[in-house]
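Below is one structure; the comments refer to it alone.
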């Protein structure tokens, strides 16, 4: 079996009760509630192979949590097909549980007043791990995640970054085939984020774990995922590898010039000036209209160039553009 | 999931929960003794009452002592063994159920067993102290009290599960469920032999304090197969229903149509 | 007037908020009625023994109803306060041009008055139906009820003292239980203090509990101007003590927060 997740024409509709404010509104709600049918997910279709690293992103309210809940068996769909590791998630949730791991950034599965080791021992019982296997696996993960000094401390005494590492280890003890991560780096400082991303990459390389990640941090997406699914208003608006995404959607480059002229004036079609002062000239070039060489040539006519930097726009901008395209 | 496996899991869970509750040592001891103190003050109120009135419809001070011993013991056992039930309504409303759902173990057992409350030990201690201080120490009385405590614990836990599970249909009912459980506990500590038919009916159905107070105390006064059967079957019945109601609610949760769900 | 407008807004919000949480109100009414039913029965049964004390069981039911009314109507504000103090939400209040304590007090009064209205109506209907008559002439009864409102405020103040202890203790709940139990016993919840052993009466005399419960509702056994003024005086003294205590603890707690960054 090479297919980790298969979703076909998946849809989910909710009944939502509308609330009104004020005294009259409150009384009205009590006796005549207004119930609306809201479509959260519309005919979603995608396939994920084992070992892939997927970023599942979209604006708030796009339906990401709903999709993950259906994939992990928490919600059952209104219509459509869904298969995770050969199981029907909402029907075989118990069996599926042995093969998936979850890390929800805003909720902890670690017991707050006890050392992480106690939570790990309990999880070993939950996942029915043989004690010699558990010991071996635990040592492996402790080494990989460098948890040595933190195991015996009560979780409440750990920093957020240390806690997140323990959280991820907790979800890996039973060697799940798929790891679902919901905002795993939220609230972490830059260094801690880097550490987590590296560990996730290492995990994927060494154990072939399929990663299914949602995050609002584009750096998470860029550094961990190799494929991006973008969700908006319950439908997929983009399903592509990161490389393809950058190649296809971005026909723009950001050029930074350091010159010997304090202010450079370049009024060329296809060039959007972002900054021009203090000998620094930053502009955005639309490659559909004018090639980079032409812009550099024009700049050289005006001044001497001391330094040239050519960059891709950030993932943030790429995504924003895609959201913009979908509306 | 097999019964034996569930039990094994529950015991491992309970061990961890108790460990967590004891981890803040001074707080644990403090809460335990404060609870004991608390109960003895309440007990003194009854002592004053019985100073004035020798009995209530046949129940004497000794019966009141048995009542309090069983009531506090049962409640204490519930706090120790099933303390997690207090957070059930909150988990249902806030989505906290999700992390329990993705793990391959019985969700309800997992939730109710994942917390052990220190004050429960204070309640158990009270129960023991009352038995010792009032001389309820003969074998028959003690065994009936123990039976009452165990069955009472099951009744308390079941009603807590049922009231908290209302969150699946009614939304944020945490405070209400808490007040219901408090009421149940309170009424289990009042003599229930005095009620008229309507109240007696209530005491065995919507507010089954009768199962925790009336039947066990009558059993302590005099053995009766009927009462014995009543207590045990009542506890088992409520336990079964509570699980059924929870899982019914869980089905609703899985459809996502409960109050307050967000996409 | 802008000063008062702020607090009035909190007051209104509190009432609206609690009205929306009507399920809790319904639950409280049911709880109160169950309590009253049970006590009505206890007293009916004990009535046979009334020869030993000089009390009419019907009056005793009114007595307990007037006690329960206050007991159940006071909102669980100490839980909210504990939450706000422990999670640091207090930080949102401090920079605002409004006193945290003041706003909480006003919020509490809003909830208290709403509860007292609904619970008072329910209790009154039940007890009147059960006993068939008012315990006192209408004017005296109304005065007793008004005293009840003051007693409710007193109880609220001390409940807030329990809440503010969140600055200093690990968990507030155990302290709430202790306060409650002392209130039951020394406030004479079930039996008027007059039939307590003398030494207990003396202890109770030096606590706020009789002012909140039994001393006040005991007026229905003995409604005299002197007794009423004494209770009124008691309530006012204890309320002042409570408010001063509350304020002192609050300032002490804030200092701790600012120094140690709790």
Query raised in the report: Ranked from highest to lowest mean number of other Cβ atoms within 10 Å per residue, what is the order of the peptides B:201-212, B:93-104?
Result: B:201-212, B:93-104
Report task. Any chance you could check the Cα centroid distance between the range A:127-167 and the range A:285-327 for me, in angstrom? Result -> 46 Å
Requested in this report: Please report how far the C-alpha centroid of the range B:20-68 lies from that of the range A:74-115, rounded to the nearest whole angstrom.
Outcome: 45 Å
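I'd like the projected area of the range A:241-318, averaged over all directions, using the convex hull of its alpha carbons. Report it in nm² with one decimal.
Details: hull surface 20.2 nm².
Hull-based average projected area comes out at 5.1 nm².
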Query raised in the report: Sorted by mean Cβ packing within 10 Å, highest first, what order do the peptides C:65-78, A:196-209 take?
Result: C:65-78, A:196-209
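Rounded, prolate or oblate, given the Cα gyration tensor of the range A:149-266, with a/c below 1.5 counting as rounded? Could the numbers behind the result be given before it?
Numbers: a/c = 2.70, a/b = 1.59, b/c = 1.70.
Cα axes put the range A:149-266 in the oblate bin.
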Requested in this report: State the percent of C-alpha pairs, over all pairs in the range A:26-169, separated by a distance greater than 18 angstrom.
Outcome: 69 percent
Query raised in the report: Mind ordering B:43-53, C:194-204 by average Cβ neighbours within 10 Å, highest first?
Result: B:43-53, C:194-204
Requested in this report: Evaluate the relative contact order of the range C:2-260 (contact order divided by residue number), counting alpha-carbon pairs under 8 angstrom at least 6 apart; express in whole percent.
Outcome: 24 percent
Query raised in the report: Using the alpha carbon gyration tensor of the range B:192-249, what are the three equivalent-ellipsoid semi-axes (square root of 5 times each eigenvalue), largest first, in whole Å?
Result: 23, 15, 7
Query raised in the report: Tell me, what does the Kirkwood hydrodynamic radius of the range C:2-260 come to in angstroms if you use every pair of distinct C-alpha atoms?
Result: 19.4 Å
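Equivalent-ellipsoid semi-axes (√(5λ), Cα gyration tensor) for the range A:88-210, whole Å, largest first?
Semi-axes (√(5λ), whole Å): 21, 17, 15.
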Query raised in the report: What is the percent of Cα-Cα separations in the protein assembly as shown that go past 45 Å?
Result: 40 percent
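With n ≥ 4 as the cut-off for DSSP H runs, can you work out [θ] at 222 nm for chain A, using -39500 (n - 2.57) per run divided by the number of residues, rounded to the nearest 500? Let's see the in-between values first.
Details: 11 runs with 118 residues, N = 327.
So the calculated ellipticity at 222 nm is -11000 deg cm²/dmol.
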Requested in this report: Just tell me how shielded A:4-15 is by partners: mean number of partner chain Cβ atoms within 10 Å of each residue's Cβ, no decimals.
Outcome: 2
Query raised in the report: Can you give the convex hull volume of the alpha carbon atoms of chain A per residue, in Å³?
Result: 217 Å³
Query raised in the report: Looking only at Cα atoms, what is the convex hull volume of the range C:24-146 per residue, in Å³?
Result: 135 Å³
Query - chain B: radius of gyration over Cα atoms, expressed as a fraction of 2.2 N^0.38 Å - result: 1.04
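For a quick check: sort A:316, C:173 by the number of other beta carbons within 10 angstrom, fewest at the front. Walk me through the numbers on the way to the answer.
On the way: A:316 13, C:173 16.
Least crowded to most crowded, the residues run A:316, C:173.
From other protein chains only, count the Cβ atoms within 10 Å of every residue's Cβ in C:34-42, then give the mean.
Details: counts 9, 4, 0, 5, 11, 1, 3, 11, 8.
Mean shielding count: 6.
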Report summary line: Taking A:156, A:6, B:78 and counting other beta carbon atoms within 10 angstrom, the fewest-first order is A:156, A:6, B:78
Query raised in the report: Going from the alpha-carbon gyration tensor of the range B:1-66, what semi-axes, largest first and in whole Å, does one get by taking the root of 5 times each eigenvalue?
Result: 39, 21, 5
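Averaged across the residues of B:92-102, what count of C-beta atoms belonging to other chains lies within 10 Å of each residue's C-beta? Kindly include the intermediate steps, with their values, before the conclusion.
Details: counts 0, 0, 1, 6, 2, 1, 10, 8, 2, 9, 16.
For this peptide, the per-residue mean of nearby foreign Cβ atoms is 5.
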Query raised in the report: Which percent of the Cα-Cα distances in the range B:58-164 go past 24 Å?
Result: 34 percent
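Please give the direction-averaged projected area of the C-alpha convex hull for the range C:109-159, in square nanometres with one decimal. Can you show the working numbers first?
Working: hull surface 15.1 nm².
The directionally averaged projection comes out at 3.8 nm².
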Query raised in the report: Just from its helices, what would the mean residue ellipticity at 222 nm be for chain B, if runs of 4 or more DSSP H residues each count -39500 (n - 2.57) and the sum is divided by every residue, rounded to the nearest 500 deg cm²/dmol?
Result: -24500 deg cm²/dmol
Query raised in the report: Which ordering of B:195, C:83, C:63 is given by a fewest-first count of other beta-carbon atoms within 10 Å?
Result: C:83, B:195, C:63
Query raised in the report: For chain A, what's the relative contact order in percent, using C-alpha pairs closer than 8 Å and at least 6 residues apart?
Result: 18 percent
Query raised in the report: How big is the gap, in Å, between the Cα center of the range B:165-221 and the Cα center of the range A:222-238?
Result: 53 Å
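Here, each number is a calculation from the coordinates, and none is a lab measurement. Quick caveat, the model's predicted, so the values are computed rather than measured. Quick reminder, even Gly has a Cβ in these numbers, built from the backbone with ideal geometry, and neighbours come from all protein chains shown.
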